[in-house]
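Working notes, structure below.
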Ligand code: ASP
């Protein structure tokens, strides 16, 4: 008798199932049992909700953190090895410079488009005018403490000026490697090492590059272990988030959420979809179907950095991009290219200005546009990485940063949504460069 082989689901499908189960369970329990005020003291909660929160805090969230930490753990070696190998491998005859120009042009162009879209929508809908001022005060009061924290973080991070760019050059590479906000420092160092390696006779650098290649391969193998946990980690993360989402607060901020999420989805599927068709020459619908695992990972981890290994793997394994090119473009993209974040910043600054009754004319909006692009480059690719910088932008355009409190309760859902275009834009940029460099793309 023949035994039918056991069919294993594809990893991306397993992640997606984890995402759906976690989200469905968390949302259902939230709707059934959660108190109206998300800040209500625990003693007043329904016992079933208390048990569910216990499960979220002690089981689901830790399971999610184990997965996330396994991913984060690999970011520094991955960024360093892949950039040095990428730059050293691409380095010959000015090719790297030309690729760099194209990559930066895509980053800036797509980010600019995203902010323009956000600003257009928020001006057209004016969600801030639809917010009941009394309700705004209540919601703000709920999250005042968190907002003060973000402001303090923004101040501690020396604000945002010319120093922000000088600081890209790390004073101490080990310290830069240990701080999420200084990934650009690691990138800068790795690029220079790669350039230096490319200028030397190959026999003098061969051993070093082989060592890095092995280190890179081993890190990827470790990642393979982490990805086995992905469906469970993703389910845990999303369960913990949806269980505690303030649906009541979400309703109060409905117009804002509507604009932000519609804008992000429009950018993701229409604007980036058009880029896939025009620049990469792939069918957008099939393209998004092929990267559903990548989108699910970005959505559930809410972090470009944590998604970086999956982004690189999608480019090489799914689309056949050379590891050199993917290894060069993706770490840059994860840190510098954040379409969704820039769109979100534009929408949020204008929304909060509308609520605060601060009129921002065309000139002020141009400043918002510029700052959104610049701060999106500087934001760390971690959950909520852009919030301290958002406090800085608010301050710059004369809106009291304390207004940030208004959106903090719903930010996680926007954060998950904006991380998807953040990551997809990196992949699309990489595929476009690959195509223009004559690399065959698997269709
Ligand atoms: N979570 C975003 C990312 O990692 C950053 C942010 O907008 O907060 O891409």
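Tabulated data for the structure shown
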quantity: Reduced Cα scattering model of the stretch 91-147, Debye log10 I(q)/I(0), q = 0.20, 0.30 Å⁻¹; calculated: -0.85, -1.04
quantity: Full-extension gain in nm, residue 66 to residue 247, via 0.36 nm per residue minus C-alpha separation; calculated: 62.4 nm
quantity: Point-to-point label distance, residue 17-residue 59, nm (Cα→Cβ direction, 7 Å offset); calculated: 1.9
quantity: Along principal axes, Cα extents of the stretch 281-360, largest first, whole Å; calculated: 51, 26, 26
quantity: Volume in Å³ per residue [convex hull over Cα atoms, computed for the stretch 189-270]; calculated: 185
quantity: Whole-Å distance, taken between Cα centres, linking the stretch 360-437 and the stretch 90-132; calculated: 10
quantity: With Cα atoms, 0 to 90° folded angle of helix 11-33 axis to the chain main axis; calculated: 10
quantity: Overall Cα dimensions of the stretch 1-142, principal axis frame, Å, largest first; calculated: 68, 68, 33
quantity: Gained length - residue 36 relative to residue 130, 0.36 nm times residue gap less alpha-carbon distance; calculated: 31.7 nm
quantity: Cα gyration tensor category, rounded, prolate or oblate, for the stretch 211-334 with a/c compared to 1.5; calculated: oblate
quantity: Within the chain, helix-based [θ] at 222 nm, where runs of 4 or more DSSP H residues each add -39,500 (n - 2.57), nearest 500; calculated: -23500 deg cm²/dmol
quantity: Pair residue 400, residue 120: separation of 7 Å Cα→Cβ label points (nm); calculated: 3.5
quantity: Spatial separation of Cα centroids for the stretch 188-256 and the stretch 265-306, in angstrom; calculated: 18
quantity: Added length on full extension, which subtracts the Cα-Cα distance from 0.36 nm per residue, residue 215 to residue 8; calculated: 71.5 nm
quantity: Spin-label model distance (nm) - residue 285 vs residue 363, 7 Å beyond Cα toward Cβ; calculated: 4.9
quantity: Column: log10 I(q)/I(0), Debye, Cα scatterers of the stretch 61-185, q = 0.18 Å⁻¹; calculated: -1.30
quantity: P(r) histogram, all alpha-carbon pairs of the chain included - 20 Å bins from 0, percent; calculated: 25, 57, 17, 1
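Readers should treat all values here as calculations from the given coordinates under stated rules, not as data from a laboratory. Just so it is clear, the structure is predicted and the values come from calculations on it, not from any experiment. As a convention, Cβ positions derive from the backbone with ideal geometry for all residues, glycine included, and neighbour counts pool all protein chains shown.
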